[in-house]
Amino acid sequence: MSRHYNLDKVTTIRLMKKKAKGEKIVCLTAYDYPFARILDEAGVDLILVGDSAANVVYGMKTTLTIGMDEMVYHTRAVANAVRRALVVSDMPFLSYQVSKERAIENAGRFLQVGAEAVKVEGAGPVLDTIQHLVEYGIPVMGHLGLTPQAVHKLGGYRLQARRREEQEQLVKDARALQEAGCFALVLEKVPGEVAAEVTRDLRIPVIGIGAGSQCDGQVLVLQDMLGMFEEPAFKFVKRYAELGQMVRQAVINYIDEVRSGKFPGPEHTFFTDEGR
């Protein structure tokens, strides 16, 4: 039985209205059909096909090493499952930085397989590209703070906007993204009071991850919040399940029953009419 499920489609306009009403926006990542369907039926507002697939699906060390083909593949699977939530695809490294034409072509590939918007990281050099995408009818979500595609420049996955001048620049960049046409903004790993200031300052929704409780919504990587891996997660991740342990134990039980001959039992076996 699905929970909180209705067919009122979430759109970029509805997200803006939720901010205006003070209603929190719920976002999670997904990369395949089964999980996307569960998230959609549970009532998640926004499903992000994140380039974090590089880490949690492919085991890569950074998001820099995943490309368009992989991201389009995962987007198609997610979009096939979703009826209500807004589907947003991360544009991977070098899919939008090279030229506006390349950005349009790659963003278009996502929309052709079912995405309804794309997400890009940073401000400054990509502002013209964002405006170009929006002018061509492609909704864009921004991303500031810790931007994983710039991990080497940032010196690791460190807390951002710690100094006052950095905080002032963050506010300026957020305003610039809004003016460029972004319908929403992801704010990652910045002090809570700074995120609250940005959230108050903008007309568009601010979705936080490691940015405190005052943002308009929250996003987490699905595998992190489900406890799929034993490695400790970031401080900002709350584990709502220990699914990794559950799956591991289920597989152990299956191995034991196959080796002992307990599975398959008569109830799992077909018989001829004479054998019944």
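The values are calculated or read from the model by the stated rules, or taken from the named source; none is laboratory data. Predicted model, so just to flag it, every value in this text is computed and none were measured. Every residue, glycine among them, receives a Cβ derived from its backbone with ideal geometry; neighbour counts consider all protein chains shown.
Out of Asp201, Asp173, Asp224, which single residue is surrounded by 15 or more Cβ atoms within 10 Å (Cβ to Cβ), among the acidic types (Asp, Glu) and more than 30 Å from Ala250 (Cα to Cα)? When all the criteria are applied, what remains is Asp173. Pairs linking a residue in the range 25-52 that is on the phi > 0 side of the Ramachandran plot to a residue that is not charged (D, E, K, R), with Cβ atoms under 7 Å and 6 or more positions apart or on different chains, are Gly43/His4; Gly43/Tyr5. Set side by side, the residues Val186, Val198 differ, and just one is assigned by TED's automatic domain parsing to the domain that holds Val134 and out of contact with any helix residue (DSSP H, G or I) (no Cβ under 6 Å at 6 or more places or on another chain), which is Val186. Identify, from the list Ala115, Ala107, Ala20, the residue that is surrounded by 15 or more Cβ atoms within 10 Å (Cβ to Cβ), without any contact (Cβ under 8 Å) to a residue 40 or more places away in the chain and hydrophobic (A, V, I, L, M, F, W, C). On inspection, the qualifying residue turns out to be Ala107. When we screen Gly142, Gly155, Gly122 for residues that are within 27 Å of Ile66 (Cα to Cα), touching a residue at least 24 places away in the same chain (Cβ under 8 Å), among the small types (Gly, Ala, Ser) and out of contact with any Ser or Thr (no Cβ under 8 Å at 6 or more places or on another chain), the only hit is Gly142.
Screening Leu133 against (1) exposed (fewer than 15 other Cβ atoms within 10 Å of the Cβ); (2) without any contact (Cβ under 8 Å) to a residue 60 or more places away in the chain leaves a single unmet condition, (1). The selection criterion, being in a loop (DSSP other than H, G, I, E, B), surrounded by fewer than 21 Cβ atoms within 10 Å (Cβ to Cβ) and in the same structural domain as Val206 (by TED's automatic domain parsing), holds for Arg162. Restricted to the range 227-276, and to residues there that are farther than 19 Å from Tyr58 by Cα and among the aliphatic types (A, V, I, L, M), the residue that is surrounded by the most Cβ atoms within 10 Å (Cβ to Cβ) is Val237.
Evaluation of Gln149 against the conditions (1) part of a helix (DSSP H, G or I); (2) surrounded by fewer than 18 Cβ atoms within 10 Å (Cβ to Cβ) shows that the sole unmet condition is (2).
Condition test on Phe234, is it of a type in the set (A, V, I, L, M, F, W, C) and at pLDDT below 95? Yes: the conditions hold for Phe234. For the range 157-193, filtering for residues that are more than 26 Å from Met16 (Cα to Cα) and over 20 Å from the mean Cα position of the chain (by Cα) leaves 5.
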